[in-house]
Amino acid sequence: MTLFNGSKLESARTRRLTTFVLTAAFALSAAFATARPALAAPSAPPGGDAAYQVEISANVPGRTGGGSWYWLELDKDGGGIYAGSDCAHGGSGASPARGTLTWQQQGDQLVIHGVVSSGLPPFAYEPILVPAAYGHYAETFAQVLPTLTAFLTSVGADVSNGSVQVQVAP
């Protein structure tokens, strides 16, 4: 047996080392590929598990209309988070919003506080009212967004032909 390059022994060792390195690299790549989505997932807010997830799509058609689109997570501890936006047609574009909220159940309704949009007065979404039962609902502005309805009406907007779609899910 010789230990020079090109010998049978050296060639067998090189093949085993190459096989080992390639196998290890493949295993490491597979580990990172499966771990990466978990690393990219957002962390749960303090308080943990959601009791409800609520999606709201409120729209008033026409040049003077507008809309609000929100996702709200209502945690079991009475807190939660939200993200969304609203805009007026013919205005300066959408106003993004996100933050924390509080909520409570009152009878057959969920009463949500703390949702704020930079495009509206800070009281505009106080409160948001949605059904406490899981399901999809077609509501009026006044039923879901009573203060926003009063504000928009006070500045001359007509929300009577608007509609609000609400999805309440676990």
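The values are calculated or read from the model by the stated rules, or taken from the named source; none is laboratory data. Being a predicted model, the structure only gives us computed values, none of them experimental. Positions of Cβ are generated from backbone atoms using ideal geometry, with glycine treated the same way; all protein chains shown enter the neighbour counts.
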Conditions: (1) modelled with pLDDT under 95; (2) over 16 Å from the mean Cα position of the chain (by Cα). Q109 meets all but one. Number of the miss?
(1)
Within the set of pairs 6+ apart or on separate chains, which have a first residue in the stretch 134-153 that is within 16 Å of A124 (Cβ to Cβ), a second that is aromatic (F, W, Y) and modelled with pLDDT under 95, and C-beta atoms under 8 Å apart?
L145/Y125; T147/F123; T147/Y125; L148/Y125; L148/F141; T149/F141; F151/F123; L152/F141
Out of curiosity, is A124 touching a Leu at 6+ places or on another chain (Cβ under 8 Å) and either of a type in the set (V, I, T) or in contact (Cβ under 8 Å) with a residue 24 or more places away in the chain (or both)?
yes
Could you check the stretch 105-118 and list, in sequence order, the residues that are under 17 Å from I56 (Cα atoms) and of a type outside the set (S, T, N, Q)?
L110, V111, I112, H113, G114, V115, V116
Residues in the stretch 41-52: is at least one of a type outside the set (K, R), surrounded by 13 or more Cβ atoms within 10 Å (Cβ to Cβ), modelled with pLDDT of 90 or more and over 17 Å from the mean Cα position of the chain (by Cα)?
no
Counting only strands (runs of 3 or more DSSP E) entirely within the stretch 77-170, those with at least 3 residues that are surrounded by 13 or more Cβ atoms within 10 Å (Cβ to Cβ) and in the same structural domain as V60 (by TED's automatic domain parsing) are 79-88, 95-106, 109-113, 128-131, 163-169
